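Visitor: Have a look at this one before I ask anything.
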Amino acid sequence: LQDRIGTGYVYSDKYIDKIEAEKEFKDYLGSQYGYLKKDINTKHLPFRVGTWDKSWNNNIIAIGLSSFFVEPLESTGLALFQSQVTKLYDILRKNTIKYRESFNNHTLNMVQDTVEFIELHYSLSDRKDSKFWLDYNKHPLSDFQKELINSFIDPDKIFNESTIIKLIKRRSFF
């Protein structure tokens, strides 16, 4: 794989159609890596984001991508998968299934935490070069996101372990 790169372009068909997205992607690859548009083969992979309300239902436990899908970067999926496995291991070590609800809540909370983490990155962008970014700049921050930002920008707050504990209160932060 030394003669090519693995890369992708994530877009919402609410803001751009398939043909324009492919053109933008090929333009980017040409300007950044010198690829010729005629040499670039693309694949469109539609996906839906979300999570099951119950990752553990009766005698079936959905883990990883069978349980949730937040975004197409592997790192968040791997981290969430690891968190689920660790939680399940702790439950099974206790030799009980009465913690099914705890596992389901853990999964829902960690997925929500990840969504808020990703949203925060988008919210802090200064981009205004497309309808997507103009619309996203109107997206309201959650109370948690506001509190997290204020912890970093308020010079009177000391960001230490007690601040982190206060911020994450109910949060799973896997």
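The values are calculated or read from the model by the stated rules, or taken from the named source; none is laboratory data. What you are looking at is a predicted structure, and each value in this text was computed from that prediction instead of being measured. In this analysis, Cβ positions are derived from the backbone assuming ideal geometry, glycine residues included, and neighbour counts consider all displayed protein chains. Side chains are part of the model used for accessible areas, which takes the heavy atoms of the whole protein and leaves out ligands, DNA and RNA. Shrake-Rupley method; radii C 1.70, N 1.55, O 1.52, S 1.80 Å.
Visitor: Give the residue list of trypsin sites (Lys or Arg not before Pro) in region 24-57 that are DSSP loop and have at most 14 other beta-carbon atoms within 10 angstrom.
Guide: Lys43, Arg48
Visitor: Here's another thing I want to ask about it. Ignoring ligands, DNA and RNA, please state the percent of accessible area on region 1-110 from carbon and sulfur, probe 1.4 Å.
Guide: Carbon and sulfur: 53 percent of the exposed surface of region 1-110.
Visitor: May I ask you to order 105-117, 125-137 by the average number of other C-beta atoms within 10 Å around their residues, highest value first?
Guide: The peptides rank, most packed first, as 105-117, 125-137.
Visitor: Could you please put Phe81, Phe68 in sequence from largest to smallest accessible area, using a 1.4 Å probe?
Guide: So, going from the largest accessible area down, we get Phe81, Phe68.
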